[in-house]
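Notes follow the structure.
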Amino acid sequence: MECEYSHDEMILENIGNLTTFNPDSGEVETTSNTSLAIEDGIIVEKGIGEKFDCSECLVTPGFVDPHTHPVFLNLRVDEVAMRKAGVTYEEIAAKGGGINSSINGVRNASEDELIERVSKRMDQMIKLGTTTIECKSGYGLNIESELKSLKVIHQVNKRHEMDMIPTFLGAHAFPPEFADDRDGYVDLLCNEMIPAVAEQGIAVFCDVFCENGYFNVDQSRRILNTSKELGLIPRLHADEFEDSGAAELAADVGAISADHLMAVSSVGMQKLADKNITATLLPGTTFFLDKDTYAPAQTLMEMGIDIALATDFNPGSCHIQSMPFIIHLAIKHMDMTVEQAFASSTYFSAKALNLEHKVGSLTIGRKADIIVWDVKKLENIPFHDSDVPIKMIIKNGKAINS
Ligand code: NIG
Ligand code: FE
């Protein structure tokens, strides 16, 4: 996929607007009529490399998508009609649909089959401007298939330009064989699955779906504390449908991020604020599930909580791959400004992955993960949410065809 600009040194010239969150000022800043030098995959002050003419267009960092579930076989397309007929996500799950119906596909698939599917998904997402992505396991739900899912992420990451950050989500649902022994599955997670994942070093984070009907607060606490002791960083699906005290738990265990938060309480928000925990919001899921309960972004921001945005790309509750579309939804349904939504899709989404010192902003010393747009202004990004107008994507300082 590499084109002629695959040298170690490059200068982007004739940039119309260079727009990036500036970590020093805490603002989104635009520099007009400028250039940008890259050396060995890093942004540098001055360069001598080959020149690329940006034709006065917009240049931004690549998007960082900090919450996705890309390791699955088939989409659950029938659930759309069921939801339209009035059956809720929770009711579909209770009838054996939902997460549990994605398990068989992953358990029966070969590693190669999954590698092929996940690679294609990464091809799509990088074309839409995402250059770093968090990828969860969570449709295997036994030791063998969870390790297989993480291995798939690892294998695709090795071959693909996309940077994929792996998260262990064995606590995504209770698999059918443990339907009547939920604590037995938590034992399996804590005694065998998490230790195996930690020993193989194939996940950075450990996630839990902490929600009524899924993992309760006590079970989630045990899982996250166990993973922490073994070197995995906790993060969680928190208060998505109901307030179950999951945001408070995120604060107690020192999670790097609490995600979803559509039903978070004010006590939960205060705890997130006190502990400087990033709130990763997923407006695509609210939209896809045909709900109107968007997370309270304005209140979270007023309380000083950093907001990251993510797609939540998965086979059932949200199949959106485009960060520009998520930005559009954040502006439309959560009243974020284009600058706020952009910062939340680059710098703060990198913070939700502990990577804000490497990616998510175009400042000297950071990785050259860059989008050269075919439009001139930041305001164009949410406008072109599906026909994403990208001239060139630079990953690790090298241009890739888009
Ligand atoms: O983030 N909420 C839990 N997990 C996913 C849904 C996954 C699925 O439905 O397959 C989510 O929305
Ligand atoms: Fe999710």
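The values are calculated or read from the model by the stated rules, or taken from the named source; none is laboratory data. Computed from a prediction, not measured in an experiment: that's the story for all the values here. Methodologically, a virtual Cβ is constructed for each residue, glycine included, from the backbone with ideal geometry; neighbour enumeration extends over all protein chains shown. When the accessible area is computed, the model is the full protein with side chains, heavy atoms only, and any ligands, DNA or RNA have been set aside. Shrake-Rupley method; radii C 1.70, N 1.55, O 1.52, S 1.80 Å.
So here's what we get for this one:
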{"quantity": "Residue match in the stretch 276-284 (condition: assigned by TED's automatic domain parsing to the domain that holds Phe72, at pLDDT 95 or above, out of contact with any Lys or Arg (no Cβ under 9 Å at 6 or more places or on another chain) and away from ligand 2 (no atom under 16 Å from the Cβ))", "calculated": "yes"}
{"quantity": "Filtered residues of the stretch 19-29 (kept if of a type in the set (A, V, I, L, M, F, W, C) and open to solvent by 20 Å² or more (accessible area, probe 1.4 Å))", "calculated": "Val28"}
{"quantity": "Residues (part of a loop (DSSP other than H, G, I, E, B), away from ligand 1 (no atom under 13 Å from the Cβ) and in contact (Cβ under 8 Å) with a residue 24 or more places away in the chain) located in the stretch 52-95", "calculated": "Cys54, Ser55, Glu56, Cys57, Gly62"}
{"quantity": "Selection count, the stretch 294-341, where residues are outside any loop (DSSP other than H, G, I, E, B), among the polar types (S, T, N, Q) and closer than 19 Å to Asp239 by Cβ", "calculated": "2"}
{"quantity": "Filtered residues of the stretch 171-208 (kept if part of a loop (DSSP other than H, G, I, E, B) and open to solvent by 40 Å² or more (accessible area, probe 1.4 Å))", "calculated": "Ala179, Asp180, Asp181, Gly201, Val204"}
{"quantity": "Set Ala250, Ala255: member being within 19 Å of the chain's Cα centre (by Cα), assigned to a loop (DSSP other than H, G, I, E, B), more than 13 Å from ligand 1 (Cβ to nearest atom) and assigned by TED's automatic domain parsing to the domain that holds Pro175", "calculated": "Ala255"}
{"quantity": "Single match in Gly360, Gly365 (criterion: modelled with pLDDT of 95 or more, away from ligand 2 (no atom under 16 Å from the Cβ), open to solvent by less than 10 Å² (accessible area, probe 1.4 Å) and not in a helix (DSSP H, G or I))", "calculated": "Gly360"}
{"quantity": "Residue tally, condition within 17 Å of Ala350 (Cα to Cα), in contact with a strand residue (DSSP E or B) (Cβ under 6 Å, 6 or more places away or on another chain) and of a type outside the set (Gly, Ala, Ser), over the stretch 236-280", "calculated": "7"}
{"quantity": "Residue ID - nearest to ligand 2 (Cβ to nearest atom), chosen from residues in the stretch 40-72 that are under 27 Å from Val118 (Cα atoms) and aromatic (Phe, Trp, Tyr)", "calculated": "Phe72"}
{"quantity": "Of all residues in the stretch 120-137 being assigned to a strand (DSSP E or B) and out of contact with any Leu (no Cβ under 8 Å at 6 or more places or on another chain), the one that is nearest to Gln321 (Cα to Cα)", "calculated": "Thr130"}
{"quantity": "The one condition in (1) within 15 Å of ligand 2 (Cβ to nearest atom); (2) at pLDDT below 95 that Ser244 fails to fulfil", "calculated": "(1)"}
